[in-house]
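Below is one structure, written out as structure tokens; comments come after it.
The values are calculated or read from the model by the stated rules, or taken from the named source; none is laboratory data. Keep in mind the model is a prediction, meaning the values are calculated, not measured. Cβ coordinates were reconstructed from backbone atoms using ideal geometry, including for glycine residues, and neighbour counts include every protein chain displayed. When the accessible area is computed, the model is the full protein with side chains, heavy atoms only, and any ligands, DNA or RNA have been set aside. Shrake-Rupley method; radii C 1.70, N 1.55, O 1.52, S 1.80 Å.
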Amino acid sequence: MSHFPCDKIAYEGSSSKNPLAFKHYNPEEIVGEKSMKEHLRFAAPYWHVMRNILADPFGGGTAQMPWDDGSDSVENALARVDVFFEFLEKMGIEYYCWHDRDIAPELNDLSASNDALDQVVAKLKSKQEETGVKLLWGTACLFAHARYSQGAATSPDANVYAYAGAQVKKALEATKELDGLGYTFWGGREGYSTLLNTNMKRELDHLAAFLHMAIEHADKIGFDGPFYIEPKPREPSTHQYDSDSAACLNFLREYGLMERFSLNIETNHATLAGHTMEHELTVAANAGKLGSVDANRGDTLIGWDTDQFPTDLYLTTQVMLVVLGMGGFTTGGLNFDAKRRRESHEPIDLMHAHIGGMDTFARGLKIAHAIREDGRLADFVDQRYSSFDSGIGEKVESGSCTFEDLETYALENGEPGLASGRQEMLENLINEFI
């Protein structure tokens, strides 16, 4: 029985008026040296596709999920798997992501929860083998249960800390069992509400110890994929320790974690941090630590994590300019950490939402590739910094310059002339392609 009233979503081109067709995402179309699907590596989040009931702070869920009986039974969790893989097949999405408590129930008994997870993982593995779908990354839900209300790896209670470690151990093993390409840490409660009751130094030390234990266990079980930290500044905490790319990188450097960890950057988190997505991606990429992307957007009029589907061509172009600039994804990809709006409650709306996001990123990819092939933007930036290619500038970049050298140069050359940054011209240039 089909749970979605449509055929497999096909590419019909930009002239198509069919709302259940791709206008721009043609998975086999070659852009540069790779196909679109290789460039974009789309992934579907189990939590939004299968578990999000579309509630908001002022009302309960509206989502129609006729396949779900609403129970926390293992049988219900197993039934969801078939529906999810039907969705992936109809969308042509080849990767997915999960939290452990999305795919299997939290049974308030660690042993029982582990047994439930094992049963669902076995079915997921069977469906992966049947379809060729891959797990982009797994993660543990260390934020929803009341035990984690004051943190997990930064909890002031060692008993909670131990429970969190046991949960991550099991989630790592499940990720390994499913040949997951990576594993993500999202610290939804790893922060504080007030410093009056917080020893920040001890909490950060405990968090670092937790992550080192994760590396040790990964090595023990033969999981060699990357670990990702996902920055977010606040919500629900007043301040979260993984507040933005720069804070995460500083933490990783301070605690000797840079070798194994990269970042998974989410658009809505970037804007909550007061940054653009372009900024957050660039900071991570400059450090060689941009691992994966949660593809969504926020609402500038709403101050929380709205997780909307990406529909902004400027945004997707900026994302793909950075991704192409770093040579493309390897183990990561574009995970749609996005949910339908509360009024888009029918199952078919899942298709409409993902079609829009996939088409928008397909256009962003083509635009970004065209900009790079054209070369004018890169040439302008190279020319703007050309004074550092020789003479005193080259000496600065080689690390052989002193303040005395700069003073001598400045006295000999007088007042410098500064060229225009041509911001408006470059914005016009981008508009040529969009």
Query raised in the report: Okay, which of the stretch 141-166 sit inside 18 Å, backbone N to the point 7 Å along the Cα-Cβ direction of Ala55?
Result: 141-149
Requested in this report: Please give the FRET efficiency for Asp389 paired with Glu33, using the beta carbon to beta carbon distance and R0 = 45 Å, rounded to the nearest 0.05.
Outcome: 0.95
Report summary line: Per the Cα gyration tensor, the stretch 271-312 corresponds to an equivalent ellipsoid with semi-axes, largest first in Å, of 21, 12, 8
Query raised in the report: On average, how much accessible surface per residue is there in the chain, in Å², for a 1.4 Å probe, leaving out ligands, DNA and RNA?
Result: 47 Å²
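Near Leu204, within a Cβ-to-Cβ distance under 12 Å, what is the net charge of the other residues, with Lys and Arg +1 and Asp and Glu -1?
Net of charged neighbours comes to -3.
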Report task. Leaving ligands, DNA and RNA out of it, report the carbon-plus-sulfur percent of the accessible area of the stretch 192-318 at a 1.4 Å probe. Result -> 53 percent
Requested in this report: Would you mind pulling out the separation of the Cα centroids of the stretch 391-426 and the stretch 250-303, in Å?
Outcome: 31 Å
Query raised in the report: How do 407-415, 346-354, 378-386, 360-368 rank on mean C-beta neighbours within 10 Å, highest first?
Result: 360-368, 346-354, 378-386, 407-415
**Report entry** Cα principal axis extents for the stretch 99-156, largest first, Å
**Finding:** 44, 23, 13
Requested in this report: For n ≥ 4 DSSP H runs only, could you compute -39500 (n - 2.57) per run for the chain, divide by its residues and tell me the 222 nm figure to the nearest 500?
Outcome: -14500 deg cm²/dmol
